[in-house]
Amino acid sequence: MELVFLLILVILMATALGSGYPVAFALPGSAILTIGLAAASGYLFAGDPDAYFASGGPVQWLSAGVTNFRGVYWEVERDTLIAIPLFIFMGIMLQRSQIAEDLLVAMAQLFGPIPGGLGISVVFVGALLAATTGILGATVVAMGLISLPAMLQRGYSQSLATGTISASGTLGQIIPPSIVLIILADQLASAVDQASTARKALHKLATGELTMPSEFDVVSTSAGDMFLGALVPGVLLVLLYMSYILIFALVKPSSAPAVPHEGEYDAKFFGRIFLTLIPPLALIFLVLGSIIAGIATVNQAGAIGAVGATIMAGYRLREGHRGAFIPAILGLLSIGLIVYVLSNYNTNIKNIVTPEDEQGLMLAIIGVSGLSISILWSLLRTLLINQTLRGVMIDTAMTTTLVFIILLGAAMLTSAFRAFGGEELVKEFLETLPGGFWSKFIIVMAVIFLLGFFLDFIEIAVVVVPIVAPILLADPSANITAVWLGVMIGLNIQTSFLTPPFGFALFYLRGVADASVRTINMYKGVVPFIALQLTALVIVGLNPALVNYLPTRTSLLAETAPPPLNPRLQFSMENFVSTEFQQNGDAIKAAIETAKSIDISYLPEDLREDLAEGFENAEAAFPMMAEIDEARAAVLAQSDAYRPLHSQVRQIEADIRRLEEEIDRLSTNARRAEEGSPRQARLQARATGLAAERDALAATIPAEWAEVNGAFSQLVRREQRARNSYRRNVDDAYEPLVEARAIIGDTERLGELLPMIEGLPAQIEGLDPESAQETIREVERAVRELEGTGDIRSALSSARRALRPSRPEPEEAAEAMTEALSLAQADLAWRSRAAEDLLPGLEAYDAAIRDTIGLRGQPRLPREQALYVASDSAGHRDIALSF
């Protein structure tokens, strides 16, 4: 019966959406009606309102949607959606201030003389508007009003002109900043948690180990990562559009003729182009550049964009009037002053000490005040001129409210879908498909593409993604990243704006196009661009580095980059070291031999032994890396033969687990049913039948599985042991070097403390025991800050304890202070010699091994290594055979 109500839910939703009923009410309404109907039917026909639910009851599932929505979107740590109204505000402000119109006119004049130039200019401006507004309706309408008449008058075919405008208007859905990407990032954050739990459970079932290595965990994403990941695919799509238009114009010039500029290409023309083009580009740089550089979060970048759009609107609305650019110029000068102050002064009020600090604070106050005046001045202009600000605020509030109401409704619909076992049904369907991950992925992409014919991007993102994303992310055979999956879904969803019958870009353009433009020509025009979008989808799907590289690169080069000890980085780091050993191994070995020949006989015994052992461990790194390479090669050599059997058995085991879960559910419902009732008998009979089916499945596991799996597992464990041994070895090789350099580096500071230790007896003479103890403690604290002074600290501690007030021992304290002085003098002697004789050699040795053997010991990855790791890890590594 659960399937019957699941079908009713889908039919209700489809009917409501198809009839034009508002999405915000169609989604939750379908959920509430279906859950209510199921509860009433259960009460009337089975005597239990919970009878026709897969699990739980109507109250639980009715409240689940709202509870989930509140739990996800009102957490302090998850404030991603705050960026939505900010970017909406930015886009509407730029559209209402006619900056979009200026861009279209200027670019048309600039690109017109090129074959297909008007079409290329529309794509170019569409990309710019996408990176500054992200509002599809505004972009399509603006370009339709301005470009479509001009293109048709110049001889462009209706299909090419309308297709170009419609497709270019959809670029805002994939080129960041994009509302689609923000919503997808938020949905995927929850999906990653579910996928991680599922993958850990799968690893435990497959291997029997209680914990899964963290390098096998699902890689999460954020709105910033999504923006970075979508940047290259967005540019790729723009280039595909431009290439198609250019080729079309060259093949059929009569349908896309060149349009020479009627005026002169003089300084005035290029000055106007510059003034029109540079501010939007600067805004793009500020918004996306601040995210890429790690200077601002997505929310902060959204605020930057909103403020920048307001300042731009302030001078555009006053164009032709005296003083139109004063607020913008004041803002630019203020920003320059703030940047100068931050680069040259300490602006922390608590740390203001010198007159120079006070000067920096005053300059900062002037800069902030000037920027504030610029913003307020621009806001006042937008408020007073045509009530632009009021209209922008109303549109922003309406659009944002619509998005959030749809999110709430989708959360309720998703909970109802799960209530009737829909999620498990989808999961079972996908996991039983032959072909592994890619068959699941292609089916999901095809479903999303077809849904795009009927649903808006928000419904697809918030209804479909939470159901299918955990299944795809949990699959270890592709080990995809959430950012790659999000960008792929984003590219796919983008086609929904062009596909009839509900292609929103077509509706927007139809509303502003002349009656002479035939609708059938509009449909014909978007077909090539839909094909180009699908082409981009295939290209990005086959080349995940196009998405993954930039977010990974930015992360590894940021100030908050993960340390080289991070488990996720080890595989790629070891690939880098292996390559370096092959290319520069002789030079590194020579440096080790040179370091071993340095005289370290005068060093303290423990330090001397640690250094000598470190040199030996450094030499051992080469055969250990060779062991890793050999073990890895052995695993790869057996993988192709082992994979079919592994896939077959894991599929059988997955089917058995699903049957066991269903048997448990049926058994639970049977226990809850009335004793001796027909329903209980049906449930028990069904459970018995499934148990027999489970046993039959278990019997189909090949007899050789245990032996083959054991042999392959041995190879995998050998590789992992080799890697673990190598990691421990290089840590042991590098740590003594770091310690020795730190100890020798403190020579000068020890020399400065020696007089303090020497003068301690005179300082404490005549003091009461408590005061004497405090005096010694101060010196002890100073010594503690130096590396390798444990013996000196111990002697000082003994002196301090000997002066305890209850039973002071002045003679014992004097002996301990004498010992501390003797130890300090001896330390200073060998350290001074080491600073002259040993330190240069250790520094040269460190420079030779730092980026290979000592890589794990660095505070962060050097740039070269970070770029290599980003490139090496940008693809998807199949880890299914470890499960």
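The values are calculated or read from the model by the stated rules, or taken from the named source; none is laboratory data. Keep in mind that this is a model prediction, so the values were computed, not measured. Positions of Cβ are generated from backbone atoms using ideal geometry, with glycine treated the same way; all protein chains shown enter the neighbour counts. Side chains included, ligands, DNA and RNA excluded: accessible areas come from the protein's heavy atoms. Shrake-Rupley method; radii C 1.70, N 1.55, O 1.52, S 1.80 Å.
Under a point-charge model restricted to the Cβ atoms of Lys and Arg (+1) and Asp and Glu (-1), what is the dipole moment magnitude of segment 582-667 relative to its Cα centre, in debye to the nearest 20? All intermediate terms of the calculation are to be shown ahead of the outcome.
Numbers: 9 positive and 20 negative charges, 110 e Å.
That gives segment 582-667 a dipole magnitude of about 520 debye.
Residue separation times 0.36 nm, minus the C-alpha to C-alpha distance between Ser439 and Arg682: what's the value?
Going from the current span to full extension adds 84.0 nm.
By accessible area of protein heavy atoms, probe 1.4 Å, what ranking do Asp695, Asp102, Asp791 get, highest first?
Most to least solvent-accessible, the answer reads Asp791, Asp695, Asp102.
Taking Cα atoms, how many degrees apart are the long axis of helix 519-542 and the longest axis of the chain, rounded to 10 and kept between 0 and 90?
Helix 519-542 and the main axis of the chain meet at about 20 degrees.
Could you tell me which residue out of Ser255, Ala482, Ile600 lies farthest along the dipole of the chain toward its positive end? Charges go on the beta carbon: Lys and Arg +1, Asp and Glu -1, centred on the Cα centre.
Working it through, the farthest residue towards the positive pole turns out to be Ser255.
How about Lys350: which aspartates and glutamates have a C-alpha closer than 14 Å to its C-alpha, ignoring those fewer than 8 places off in the same chain?
Straight-line reach from Lys350, under 14 Å: Glu358.
Loop-only GluC sites (Glu not before Pro) in segment 157-263, please: DSSP not H, G, I, E or B, and at most 13 other Cβ atoms within 10 Å.
For GluC sites (Glu not before Pro) across segment 157-263 that sit outside H, G, I, E and B with at most 13 neighbouring Cβ atoms in 10 Å, the list reads Glu209, Glu262.
How much accessible area per residue does segment 682-756 have, counting only protein heavy atoms and a probe of 1.4 Å, in square angstrom?
Value returned for segment 682-756: 54 Å² of accessible area per residue.
Return the sequence-ordered ³J(HN,Hα) values of segment 213-220 in whole Hz as given by the Karplus equation 6.51 cos²θ - 1.76 cosθ + 1.60 applied to θ = phi - 60°, using x for Gly and Pro.
Coupling constants for segment 213-220: x, 5, 5, 8, 6, 6, 7, 7 Hz.
Over segment 466-587, what is the relative contact order in percent, taking alpha-carbon pairs closer than 8 angstrom and at least six residues apart?
22
Magnitude of the Cβ-charge dipole of the chain, K/R +1 and D/E -1, about the Cα centre, nearest 20 debye?
The calculation lands at about 4880 debye.
Hey, rough spin-label estimate for Glu843 and Ser639, points 7 angstrom out along Cα→Cβ, what's it come to in nanometres?
4.4
In nm, give the distance between the simple-model label positions of Ile539 and Arg721, each being 7 Å from the Cα along the Cα-to-Cβ direction.
Each label point lies 7 Å from its Cα, and together they span 4.8 nm.
Heavy atoms only, probe 1.4 Å: what % of the accessible area of segment 555-627 goes to carbon and sulfur, would you let me know?
On the way: 1810 of 3590 Å².
Looking at segment 555-627 in its full context, I get 50 percent from C and S.
Note down the magnitude of the dipole of segment 730-803 about its Cα centre, charges +1 on Lys and Arg C-beta and -1 on Asp and Glu C-beta and zero elsewhere, to the nearest 20 debye.
Rounded to the nearest 20 debye, it is 200 debye.
Roughly speaking, what is the stretch gain from Thr560 to Leu250, that is 0.36 nm per residue apart minus the C-alpha to C-alpha distance, in nm to one decimal?
Gain on stretching Thr560 to Leu250: 106.6 nm.
Any idea what the relative contact order of segment 687-844 is, in percent, if you count C-alpha pairs under 8 Å spaced at least 6 apart?
24
Just to compare against my own numbers: the Cα pair-distance distribution for segment 436-560, 5 Å bins, whole % per bin, please.
With a bin width of 5 Å, the distribution comes to 2, 10, 18, 19, 17, 13, 9, 6, 4, 2, 1, 0.
Over the heavy atoms of Trp830, what accessible area does a 1.4 Å probe trace out, to the nearest 10 Å²?
Probe radius 1.4 Å; accessible area of Trp830 about 30 Å².
With θ taken as phi - 60° and the coefficients 6.51, -1.76 and 1.60, list the Karplus ³J(HN,Hα) couplings across segment 803-810 in order, rounded to whole Hz; mark glycine and proline as x.
Those phi angles translate into 9, 4, x, 5, 7, x, 10, x Hz.
When only C-alpha pairs under 8 Å and at least 6 residues apart count, what is the relative contact order of the chain, in percent?
So the answer I get is 16 percent.
Run a plain Debye calculation on the chain (Cα atoms as equal point scatterers, no solvent) and give log10 I(q)/I(0) at q = 0.06, 0.09 Å⁻¹, rounded to two decimals, same order as the q list.
Those come out to -0.60, -1.10, one per q.
Hey, what angle do you get for helix 863-872 against the long axis of the chain, alpha-carbon based, 0 to 90 degrees rounded to 10?
Between the helix axis and the principal axis of the chain, the angle is about 50 degrees.
Using a Förster distance of 25 angstrom, determine the FRET efficiency expected from the C-beta separation of Asp514 and Asn386, and round it to 0.05.
0.40
Between Thr594 and Phe404, what's the calculated FRET efficiency when r is the beta-carbon distance and R0 is 60 Å? Round to 0.05.
Efficiency, from the Cβ-Cβ distance: 0.35.
Explain nothing, just compute: Karplus ³J(HN,Hα) = 6.51 cos²θ - 1.76 cosθ + 1.60, θ = phi - 60°, for every residue of segment 751-761 in order, whole Hz, x for Gly and Pro.
So the Karplus estimates, Gly and Pro as x, are x, 5, 7, 4, x, 5, 5, 5, x, 4, x Hz.
Let me have the 222 nm mean residue ellipticity of the chain computed from DSSP H runs of 4+ only, each contributing -39500 (n - 2.57), with the sum over all residues rounded to the nearest 500.
Taken over the chain, the calculation gives -26000 deg cm²/dmol.
With unit charges on the beta carbon (Lys/Arg positive, Asp/Glu negative), name the residue among Ile99, Ser439, Ser725 whose Cα is farthest towards the positive pole of the charge dipole of the chain.
Value computed over the given set: Ile99.
What's the angle, to the nearest 10 degrees (0 to 90), between helix 465-474's Cα axis and the longest principal axis of the chain?
40
By per-residue mean of other Cβ atoms within 10 Å, what is the highest-first order of 275-281, 580-586?
Highest to lowest by the protection proxy: 275-281, 580-586.
First compute the accessible area of segment 761-883 with a 1.4 Å probe, then give the percent of it belonging to carbon and sulfur atoms.
45
Exactly which GluC sites (Glu not before Pro) in segment 680-754 are in a DSSP loop and have at most 16 other Cβ atoms within 10 Å?
Values: sites: Glu693, Glu704, Glu707, Glu719, Glu739, Glu748, Glu752; in loops: Glu704.
Here the GluC sites (Glu not before Pro) that fit, given the DSSP loop and packing criteria, are Glu704.
How big is the equivalent ellipsoid of segment 180-283 along its three axes, where each semi-axis is √(5λ) from the Cα gyration tensor, reported in whole Å from largest to smallest?
Ellipsoid half-lengths, sorted descending, are 51, 20, 10 Å.
Going toward the positive end of the dipole of segment 725-839, with +1 on Lys and Arg Cβ and -1 on Asp and Glu Cβ, which of Ile792, Ser832, Leu767 do you reach last?
Ile792
Starting from the Cα of Glu787, move 7 Å in the Cα-to-Cβ direction to define the label point; list residues of segment 711-739 whose amide nitrogen is under 19 Å from there.
730-739
With a point put 7 Å past each Cα toward its Cβ, work out how far Tyr340 is from Glu674 in nm, to one decimal.
Each label point is offset 7 Å from its Cα along the Cβ direction, giving 8.8 nm.
Stokes-Einstein at 20 °C, 1.002 mPa s, Kirkwood radius from Cα pairs: D for segment 139-241 in µm² s⁻¹?
Here the translational diffusion coefficient equals 126 µm²/s.
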